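Single-structure report; data block below.
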Amino acid sequence: MTGKPGGGRGWLAWLLIAPAVLGLVLFVLGPTIAVAVMSLTDWQLGAAEAAFVGLDNYAALPGDRVFRIALANTLVYGAIVTPVSVLLGLGLALLVEGAPAGRTFFRSAFFLPVVSTTVAMAVVWEFLLHPSMGPANLLLGTLGIAPQNFLGHAGTVLPTLAAIGIWENAGFNMVLFLAGLKSIPRELYQAAAVDGADRPWERFWTVTFPLLGPTLLFVVVIALLRSFKVFETVAAITQGGPRRASEVLLYTIYQEGFGFFRIGHASALTMVFLAGLLVLALVQIRLLDRRVHYR
Amino acid sequence: MSRGWAAAALRLAVLGLAAAIFLLPFVWMVSFSIKPADEIFTGRLDLLPSSFEGFLNYARALELRPLHRYLLNGVVVCAAILFFQILFAAPCAYALAKLRFRGRELVFGLVLFALLVPIQVTAIPIFLVFSTAGLLDSYFALVAPFTASAFAIFLFRQFYRTIPDDLIHAARIDGCSELSIVWRIIVPLTLPAATAFAIFSVVAHWNDLFWPLIVIRSPELNTPPLGVMAFRSGEAGDRYGELMAGAVIITAPLVAAFLLAQRKFIEGISLGAVKG
């Protein structure tokens, strides 16, 4: 212990970490434990008393229609947004990387949706997709296609929200891929060219893709995490409708917890959400470990 | 040679088309924000209004809702959050990176755990406590839960580990106290990491809807996203020209900042990827 830098300065170290540790205990660790405990009760805000009900809240989840719909919708949303936004991000990164001109412009154009306030852009999208006045439908009209109520129909609302999610996230993924592409040594492309791989797609499959593999997995996990947290567009445009067709997990937690104040039930939902985050985080840590081993 | 030229042209054409699609919502947003109401309802696709009435929609949007107030709230909240995040995280990160003390592993474990847990998980208990204590519907409620940032601690710790111990040793031999080491050596070296973190933090909290939606009831405390929600659901909801003008006003500050410092923004935001 002693002899190392800062040895014997324990009191100073604790002085330095005290505010942050206090904050983390009060606002992260404590509340997380509280949610876990509350998920074992039948507490409803305003009820006279609450009882310990063990795992009843969890046992009730599989039979809970709203929860099943929300979970399924969240998974479908993620299953659309993740692969499309990752592949689009990769495609855009490859195109931008090799662009003969205007690289900064294109990179900024694709990244712009990432920095734009999601709620504001959600309202813009809602108007653009308006069944009678929205320019999207007017554009379809000029092609002879009848106007669609994209966000108002149970069958199209989730794919439409997913399309907005893709628009929001593709640029983010592109930037991560651009960083990955930059770390590929130029000489490898020259070596591949000497070996006869001189067509663009040959270079891609022999050099770029194998070396980009770890980045690709990393981006997929991050995209899954981000899509798992979808909330803004749903809260701003559809409120889970029509007929719960766009009900997603975070929106259900929000409504049950802060709309109906069913604290016990909402806490159990929150624990399911946390479990999902944990699984994805564990995958991410394993990937990061593996990436270190490559080097 | 001509084949290379054709490939370059094709690449630019594809990129141009993709960029046009990505930018179209922005173009339409701005276009409709300067159109008079009757031109919006006739449903024509022209980008420019045939009779330009100036920025009337913007003036009316500001009349309908105090959007400038929402922006100011956003600035106050983001600045307060960032100030406390750095104030708390930097010393903690320094201690974790450079000092040996009992319980260090435990504290770092707490940081790693906190890194995993977003506000959506901790919202219910924090809300209940704030509600009991009468702290809801205030700047305090908007700021407090985010003041201890595990991500900031993690990031700064990584950064401090790259500072050679010898530098700190030399300063100690020269008679510097631990606090003046922090102030004279560490703080200046923190700036690049702090800049990247600042961009990440401001973008995240400027755009956050979940927590403000839970704790704020008074319209005068609306953050920018809450302001958009209020605008949409109120009487202005189907006055699309004003609505688009409002959306431009709310998105403009971050977009302008991004266009001025693109590289820094992309660095800062992609840093957050580790956090998911």
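The values are calculated or read from the model by the stated rules, or taken from the named source; none is laboratory data. Please read all numbers here as calculations on a predicted model, not as lab measurements. Using ideal geometry, Cβ is built from the backbone for each residue, glycine included, and neighbour counts are taken over all protein chains shown.
Below are the figures for this structure:
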| quantity | calculated |
| --- | --- |
| Residues within region A:257-273 that are assigned to a helix (DSSP H, G or I) and over 17 Å from B:Pro212 (Cα atoms), tallied | 11 |
| When residues of region A:31-54 are limited to those that are farther than 18 Å from A:Phe258 by Cβ, free of Cβ contacts under 8 Å to residues at least 60 places away in the same chain and over 28 Å from the mean Cα position of the chain (by Cα), the one surrounded by the fewest Cβ atoms within 10 Å (Cβ to Cβ) | A:Ala48 |
| Looking only at region A:88-116, and only at residues there that are surrounded by fewer than 16 Cβ atoms within 10 Å (Cβ to Cβ) and among the hydrophobic types (A, V, I, L, M, F, W, C), the one that is nearest to A:Ala170 (Cα to Cα) | A:Phe105 |
| Answer from A:Phe231, A:Phe258 - the residue that is free of Cβ contacts under 8 Å to residues at least 12 places away in the same chain, closer than 20 Å to B:Pro225 by Cβ, in contact with a helix residue (DSSP H, G or I) (Cβ under 7 Å, 6 or more places away or on another chain) and among the hydrophobic types (A, V, I, L, M, F, W, C) | A:Phe258 |
| Qualifying helices (runs of 4 or more DSSP H) (wholly inside region B:1-68; at least 3 residues being of a type in the set (Ser, Thr, Tyr) and closer than 30 Å to A:Arg107 by Cβ) | B:2-33 |
| A:Gly63 vs. criteria small (Gly, Ala, Ser) and within 13 Å of chain B (Cβ to nearest Cβ) | no |
| Helices (runs of 4 or more DSSP H) fully within region A:96-210 counting 1 or more residues that are touching a residue at least 60 places away in the same chain (Cβ under 8 Å) | A:103-115, A:118-128, A:157-182 |
| For A:Val115: the one exception among (1) at the interface with chain B (Cβ under 7 Å from one of its Cβ atoms); (2) within 21 Å of B:Leu17 (Cβ to Cβ) | (2) |
| Tally, over region A:266-277, of residues that are surrounded by fewer than 24 Cβ atoms within 10 Å (Cβ to Cβ) and either within 12 Å of B:Thr122 (Cα to Cα) or in contact (Cβ under 8 Å) with a residue 12 or more places away in the chain (or both) | 6 |
| Count of region B:163-179 residues which are surrounded by fewer than 16 Cβ atoms within 10 Å (Cβ to Cβ), in a helix (DSSP H, G or I) and not basic (Lys, Arg) | 7 |
| Considering residues of region B:123-162 that are over 20 Å from B:Arg184 (Cα atoms) and in contact with a Lys or Arg (Cβ under 8 Å, 6 or more places away or on another chain) only, the residue surrounded by the fewest Cβ atoms within 10 Å (Cβ to Cβ) | B:Asp137 |
| Flag if B:Arg65 is within 11 Å of another protein chain (Cβ to nearest Cβ) and basic (Lys, Arg) | no |
| Unique residue being more than 14 Å from chain B (Cβ to nearest Cβ), at pLDDT below 95 and under 30 Å from B:Ile216 (Cα atoms) when the list is A:Arg244, A:Arg186, A:Arg226 | A:Arg244 |
| Per-region count, region B:166-201, residues in contact (Cβ under 8 Å) with a residue 60 or more places away in the chain and in contact with a Gly (Cβ under 9 Å, 6 or more places away or on another chain) | 8 |
| Members of region A:27-47 that are of a type outside the set (Phe, Trp, Tyr) and within 8 Å of another protein chain (Cβ to nearest Cβ) | A:Val28, A:Leu29, A:Gly30, A:Pro31, A:Thr32, A:Ala34, A:Val35, A:Met38, A:Leu45 |
| Residue within region B:37-56 that is at pLDDT 95 or above, surrounded by 14 or more Cβ atoms within 10 Å (Cβ to Cβ) and over 30 Å from B:Glu178 (Cβ atoms) present | no |
| Helices (runs of 4 or more DSSP H) contained in region B:194-276 and holding at least 1 residues of a type in the set (Lys, Arg), more than 10 Å from chain A (Cβ to nearest Cβ) and closer than 19 Å to B:Leu82 by Cα | B:262-271 |
| Out of B:Val121, B:Val182, B:Val187, sole residue that is assigned to a helix (DSSP H, G or I) and at pLDDT 90 or above | B:Val121 |
| Region B:1-36, residues that are hydroxyl-bearing (Ser, Thr, Tyr) and exposed (fewer than 11 other Cβ atoms within 10 Å of the Cβ) | B:Ser2 |
| Any hit, region B:264-275, residues being of a type in the set (Gly, Ala, Ser), more than 30 Å from B:Ala97 (Cα to Cα) and surrounded by 19 or more Cβ atoms within 10 Å (Cβ to Cβ) | no |
| Residue selected from region A:168-210 under the condition of a type in the set (S, T, N, Q) and surrounded by 13 or more Cβ atoms within 10 Å (Cβ to Cβ), by the criterion farthest from the chain's Cα centre (by Cα) | A:Thr206 |
| Selection from region B:112-137 of residues that are more than 7 Å from chain A (Cβ to nearest Cβ) and within 25 Å of B:Val187 (Cα to Cα) | B:Leu112, B:Leu115 |
| Residue count for region A:97-110, restricted to those that are facing another protein chain (nearest Cβ under 7 Å), within 24 Å of the chain's Cα centre (by Cα) and farther than 16 Å from A:Ile164 by Cβ | 3 |
